[in-house]
1. Just G207, G157, G133 to compare: in a GNM of the chain, with alpha carbon springs under 10 Å, which one fluctuates most?
2. Report, by chain and number, residues whose modeled amide H sits under 5 Å from the one on V114, excluding near sequence neighbours (fewer than 5 apart, same chain).
3. Could you tell me which of rounded, prolate or oblate describes region 112-222, using a ≥ b ≥ c as the square roots of the eigenvalues of the alpha-carbon gyration tensor, with rounded for a/c under 1.5 and, failing that, prolate when a/b is larger than b/c and oblate otherwise?
4. Could you give the nm distance between label points at T158 and R245, where each point is 7 Å from its Cα heading toward the beta carbon?
5. Apply the a/c threshold of 1.5 to the C-alpha gyration tensor of region 78-118 and tell me whether it is rounded, prolate or oblate.
6. At 0.36 nm per residue, and after removing the present C-alpha to C-alpha distance, how many nm does the segment from D52 to R217 gain when stretched out fully?
7. Place the peptides 29-36, 115-122 in order of packing, highest mean first, counting for every residue the other Cβ atoms within 10 Å and averaging per peptide.
8. Can you compute the modelled spin-label distance between A150 and S82, with each label point 7 Å from Cα toward Cβ, in nm?
Amino acid sequence: MDRYGVILAALVVILSLAPLTGGADELKIGAGSAPAEDILRPLKSAFEEATDIQLIIIETGPKVAFTDLKRASLDAAAAGFSYQEWQQLMAKEGAPLDNPSLFTPVSIGTDRIVVMTHKDNPVQSLTADQLRGIFSGTIGNWNEVGGEDAPIMIVWGTLMQDDNSIFQERILRGAPLAAELLDTTTASEVRQNVAANPNAIGIGPLGVVDASVATPRIPELFRDIVLITRSNPSEPLKKLLEFIRAGGQSLVKR
């Protein structure tokens, strides 16, 4: 066999051993922390196994998710907002929807917002007034709410506009957010920072909680999670919605 024949034979062997890639459908959804942690990640493995569709979850927050949907770089966007609230957010952020009728909202579940503290924090419950005081900065020490004598550190996720808005609306009730806080991005990063600091507190969707943090009892905070798609949804997206309706809700965090 000449030199070129040897090279060709080697290429054939390499290609035969390489893993097959491509061909599988992809579904890209931009999401806030609530749909990402409460719904999409819990059902991801089961959905992919049942449909052979790769579910790609891009946790960028509601504003960026909807912007990317408008650019047609996503199949859908999801957040803990009603469609009207989402339109209000986009207008406030300087990116109003020129033609809202081009998009269709679908409720895919419920978001439960929790408060996270360090796992060794002895505080087991917080009232709405106590939460308002903590997150507005008028309560600055854990001993003011039954905890140890230690300054409270607030961790705030800037990409969690959906959870943040309901917390500010129903708990802060017009009180400004504290000036001193630790800015982070997603709910997962809020949890990580709370877990790493004995004096920290933060909020997030139920789905982000694990054994690294505690969740004191608070007034219940729920809202619908809405998925937004264009009027002609992709086939992979149709299959996801069918999967959720057919039993996927049993996999989500409640």
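1. G133
2. Counting only residues 5 or more places away or on other chains, the set is G204, L206.
3. Rounded, because the longest to shortest axis ratio a/c is under 1.5.
4. In this crude label model, T158 to R245 measures out at 4.0 nm.
5. Oblate, because a/c is 1.5 or more while a/b does not exceed b/c.
6. Stretched fully, the D52-R217 segment lengthens by 55.4 nm.
7. The peptides rank, most packed first, as 29-36, 115-122.
8. So the label points at A150 and S82 sit 4.1 nm apart.
Where a number appears in this text, it was derived from the coordinates with a stated rule and is not lab data. Keep in mind it's a predicted model, so treat the numbers as computed, not measured. We place every Cβ from the backbone using ideal geometry, glycine too, and count neighbours over all the protein chains shown.
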